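The values are calculated or read from the model by the stated rules, or taken from the named source; none is laboratory data. Everything quoted here is computed from the prediction, not taken from an experiment. Using ideal geometry, Cβ is built from the backbone for each residue, glycine included, and neighbour counts are taken over all protein chains shown. Protein only, heavy atoms only, side chains kept; ligands, DNA and RNA dropped before computing areas. Shrake-Rupley method; radii C 1.70, N 1.55, O 1.52, S 1.80 Å.
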Amino acid sequence: MRALWISVLLAGALLASDKEDVLKQMDARAVHYGEVSKKIWDFAELGYHENKSAALLESELRQAGFSVTENVAGIPTAFTATWGQGKPVIAILGEYDALPGLSQQEMDADRKPLVAGGPGHGCGHNLLGTASLFAAVTVKDWLAAKKLPGTIRFYGTPAEEGGGGKIYMARAGVFQDVDAVLTWHPGDSNMASKESSLAITEAKFRFYGKPAHAAAAPDLGRSALDAVMITANAIEFLREHVPESTRIHYIVSNGGAAPNIVPDFAELFLYARNPSMPVLDGIWERIVNCAKAGALATDTRMEVEMIDSNYNTLPNDALSAMVDRNLHIVGGVTYSKEEEEFAERLRKTVALDHALPLGSQEKIQTPRDGYFSASTDAGDVSWMLPTSELNTATFVPGIPAHSWQATACAGSSIGRKGMVVAAKTLALSAMDLFTDPAQLKAARDSFEQRRAGYEYKSRIPPDHKPPLNYRDKD
């Protein structure tokens, strides 16, 4: 064992030149992975239905020599791909689900859906999964060439957008032997993250009443839609009495069949968020009470289906510092003249208050503390294992995620340039972890210090199955 670690440490002495060589090799292969990302962008598949996207990633990994395990946790589009043996085991996470209603032509600054009302990659997960693939294959080739010990594993994680794929995969035990996790997310700047995120709980509140003629016999009906509206009104009053950092948002996902029929079924699909899971637990209990009140007031029956519940992200200071160093080695994104003209036009379609200026995509931003107002099922992974995330400028500065403008960027050369920055940074960071045991120890120490003895427990009930049809409308 001692001789093994000596060989690893000697390899570490060569790491600077190794990194230069790896970056050159990645430049030569970037076009291929750009094509992969564009195919996934074209597929634009919703959570748990990413069949073509998952199959493409699996095929790429098999061709690269990885051993692929499909149907992880009973999810058809969840998989792992492993290469190597022994410790350390470094995981790279990949996502590939699109969002409903965000179809948009690439590199177009006017609203032009490819498919009216269709899904689109408004969060750039076509880039996310592909950059992680690119990094994993690169690290595998480097490990093989250097004859170094260790295991690189790619995690194909579906339905990040509200479906909680990673939680069910974790429950299946696929992270148990992992030493550290690397992941990233598309954004409008380049930054290694030290921020947390918002914990989130999602559910569908279903109300069941009695149908009747809305004009001739309304007294015989019991309106499920009335129950939804009373619930929503109660939640609006609740907003004044929850912590300011709380976010609550919902849609009426089913409001009845016709205005002249008292609705006997209605549904409210609701998300609630807070920077702290224990605080969110208390808020969620009050939201459920609002729904109970809506049912009681309307003489209807209420059911709650839990869809997803993610922890806030647990930052890792050591991993963040390591990723930041490698991000500075890689550098930012430089636009061509055509890309710059497109970026200027696109920025005119959004409010730019507090946005970074055009040109900031070329720079590396300083990691900041605090939290960002979004949620991810990678948060749960970060409470189980040392985890690091970074952002790269795949979107034009000032363009928010979950927008048609982001979809236009995610399918363009701008998105692909940011994707390559992410892939390179992930690859260099994994190389550090494979060759320097001190980095892994520092990551574990940071993890234990941040966690401070808190015991992670998923809020998803143990018997709850993955909501494979959560995007379907009743």
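Computed over the chain, the per-residue total of -39500 (n - 2.57) for DSSP H runs of n ≥ 4 gives a 222 nm mean residue ellipticity of -13500 deg cm²/dmol, rounded to 500.
Taking the protein heavy atoms of the chain in the context of the full set of protein chains, the accessible area attributed to carbon and sulfur is 53 percent at 1.4 Å.
Rolling a 1.4 Å probe over the heavy atoms of the protein chains gives the stretch 353-410 an accessible area of 37 Å² per residue. Surface analysis of the stretch 132-171 yields an accessible area of 19 Å² per residue, using protein heavy atoms and a 1.4 Å probe. Label the stretch 91-134 by shape, choosing from rounded, prolate and oblate, from the square roots a ≥ b ≥ c of the eigenvalues of the Cα gyration tensor; if a/c is under 1.5 it is rounded, and otherwise prolate applies when a/b is larger than b/c, oblate when it is not. Here the stretch 91-134 falls in the prolate category. Separation of the stretch 293-309 and the stretch 188-229, taken as the distance between their Cα centroids, equals 9 angstrom. Global dimensions of the stretch 275-349 from alpha-carbon coordinates: Rg and Dmax equal 23.6, 64 Å. Charges were assigned to the Cβ only: +1 to each Lys and Arg, -1 to each Asp and Glu. The resulting dipole of the stretch 47-193 about its Cα centre is roughly 500 debye.
Under the Kirkwood approximation for Rh and a Cα-based Rg, what ratio Rg/Rh is obtained for the stretch 195-321? My calculation puts Rg/Rh at 1.12. Counting only protein heavy atoms and using a 1.4 Å probe, the accessible area of residue 389 comes to about 40 Å². Each 10 Å bin from 0 upward holds the following percent of the Cα-Cα pairs of the stretch 212-286: 18, 39, 24, 15, 4, 0. Evaluated at q = 0.13, 0.15, 0.17, 0.23 Å⁻¹, the base-10 log of the normalised Debye intensity for the stretch 252-380, with identical point scatterers placed on the Cα atoms, takes the values -0.87, -0.96, -1.05, -1.35.
When the convex hull of its Cα atoms is viewed from all sides, the stretch 424-470 shows a mean projected area of 6.2 nm². Across all directions, the average projected area of the convex hull around the alpha carbons of the stretch 120-221 is 12.0 nm².
What's the magnitude of the charge dipole for the chain around its Cα centre, counting Lys and Arg as +1 and Asp and Glu as -1 at the beta-carbon? Answer in Debye, nearest 20.
700 debye
Close amide H partners of residue 390, meaning residues 5 or more places away or on another chain with modelled amide H under 5 Å apart, are 183, 184, 185, 193. Between the residues 164, 148, 333, the greatest Cα displacement towards the positive end of the dipole of the chain, with unit charges on the Cβ of Lys, Arg, Asp and Glu, is found for 148. Charged side chains reduced to their Cβ positions (Lys and Arg at +1, Asp and Glu at -1) give the stretch 236-304 a dipole of some 120 debye around its Cα centre. The Cα-based radius of gyration of the chain, divided by its Kirkwood radius, gives an Rg/Rh of 1.00. Cα-based values for the stretch 370-474, radius of gyration first and Dmax second, are 18.0, 52 Å.
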